[in-house]
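A short write-up of the structure that comes next.
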Amino acid sequence: MAKHAKQGETWSGEVTRHSDALDLEDHVFSGDDPRAIARSLKRSAEASDRRKADPYRSAMSMLTFYINRAGTKLDDRQRDVLERAKDALRHEFGRRTSRR
C-alpha cells in the first residue's frame, strides 16, 4: 500500500483530509446522522472555488470516494449511515433519490 507524508497515513486518507476540491468539516464522515453529513458536504461543495465539477457531483464524489476507500475498516453501521447520506445528499440538491 502506498504511503504518503506521515508514517502510517494512506494516500486515500491524505486525499480525504486535503482534497484539492473541497475543504471538508472535521470528522464529517464519522457522524451518525445522514442528513447532517449531506448538509456538511453540500456546504463544503458550494463554498469551494477549486472544484472542477458542479457542487452536487463534487460532494457525491467525495462521499463515494470515502466509502470505497474506507473498505473493510468501515463497520456495517457506519457504512449504512454513509450510504443513507447519499440519498440525503440527493435530497439536499433536489435530485431524485435512488430506488433500492
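Below are the figures for this structure:
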| item | result |
| --- | --- |
| All positions within the stretch 27-61 that are among the small types (Gly, Ala, Ser) and in contact with a Pro (Cβ under 7 Å, 6 or more places away or on another chain) | ALA45 |
| Matching residues, the stretch 24-68, being polar (S, T, N, Q) and either outside any helix (DSSP H, G or I) or more than 11 Å from ALA85 (Cα to Cα) (or both) | SER30, SER44, SER48, SER58, SER61, ASN68 |
| Check on HIS18, out of contact with any helix residue (DSSP H, G or I) (no Cβ under 9 Å at 6 or more places or on another chain), surrounded by fewer than 17 Cβ atoms within 10 Å (Cβ to Cβ) and either charged (D, E, K, R) or modelled with pLDDT of 80 or more (or both) | no |
| Unique residue being modelled with pLDDT of 95 or more and surrounded by fewer than 17 Cβ atoms within 10 Å (Cβ to Cβ) when the list is ASP49, ASP33 | ASP33 |
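The values are calculated or read from the model by the stated rules, or taken from the named source; none is laboratory data. Quick caveat: nothing in here was measured; it's all calculated off a predicted structure. Don't worry about glycine lacking a Cβ; one is built from the backbone with ideal geometry, like all the others, and counts go over all protein chains shown.
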